[in-house]
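To start, the structure under review is shown below, and the notes come after it.
None of the figures in this text is laboratory data; all of them are computed from the coordinates on show. Because the structure is predicted, anything quoted here is derived from the model rather than measured. FYI the Cβ positions are ideal-geometry reconstructions off the backbone, even for glycines, and counts take in every protein chain you see.
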Amino acid sequence: MIRITRETDYGIVLLSHLAAGPSDRIHTARDLSGHAGLPLPMVSKILKALARSGLLVSHRGAKGGYSMARRPAEVSVGDVIRALEGPVGITECSSSPGSCEQESCCPVRSRWQEISGVVREFLETIPITHLINRVPLPPIQLRWS
């Protein structure tokens, strides 16, 4: 089964809360934790990771917190997954070449890489605003050789 982690799921939920409000608003981890109904330690961890990846801006001080680094329509689901989980790949070798001892003789490696590429590209086409506003997902364009 292919799944995103709970952390990534929560990251998308938190970004959805940030994206739904005014773009210049600063949100604290505590506020976001309360709005999303998520544990504060997990929220803090996720927000720090999203800030390190450049999706959020961290504001220090008494009135500090987090705000979106880009317009919400410019942040894709793929961006969030990459920030919290690393590169998207269906198999280990499709996201981390050289990680499998069977790579050189694997008869399906190139197909897994193609499939991973299609999944990656598709996730990059879905802005988080589409999740919030329930915009229909774009059609999948398959290119098989």
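Inclusion of Gly89 among residues that are within 17 Å of the chain's Cα centre (by Cα), under 19 Å from Ile126 (Cα atoms) and outside any helix (DSSP H, G or I) is warranted.
Does any residue of the stretch 88-96 turn out to be in contact with a Gly (Cβ under 6 Å, 6 or more places away or on another chain) and under 29 Å from Trp112 (Cβ atoms)? Reasoning before the result, please.
Kept after step one, since they are in contact with a Gly (Cβ under 6 Å, 6 or more places away or on another chain), are these residues of the stretch 88-96: 95.
Subsequent filtering for residues that are under 29 Å from Trp112 (Cβ atoms) retains 95.
So far as the stretch 88-96 goes, yes, one or more of its residues are in contact with a Gly (Cβ under 6 Å, 6 or more places away or on another chain) and under 29 Å from Trp112 (Cβ atoms).
Of all residues in the stretch 34-80 being under 24 Å from Arg134 (Cα atoms) and of a type in the set (Lys, Arg), which is surrounded by the fewest Cβ atoms within 10 Å (Cβ to Cβ)? Among those residues, the one meeting the criterion is Arg71. Within the option set Leu15, Leu38, being aliphatic (A, V, I, L, M) and in a helix (DSSP H, G or I) holds for one residue only, Leu15.
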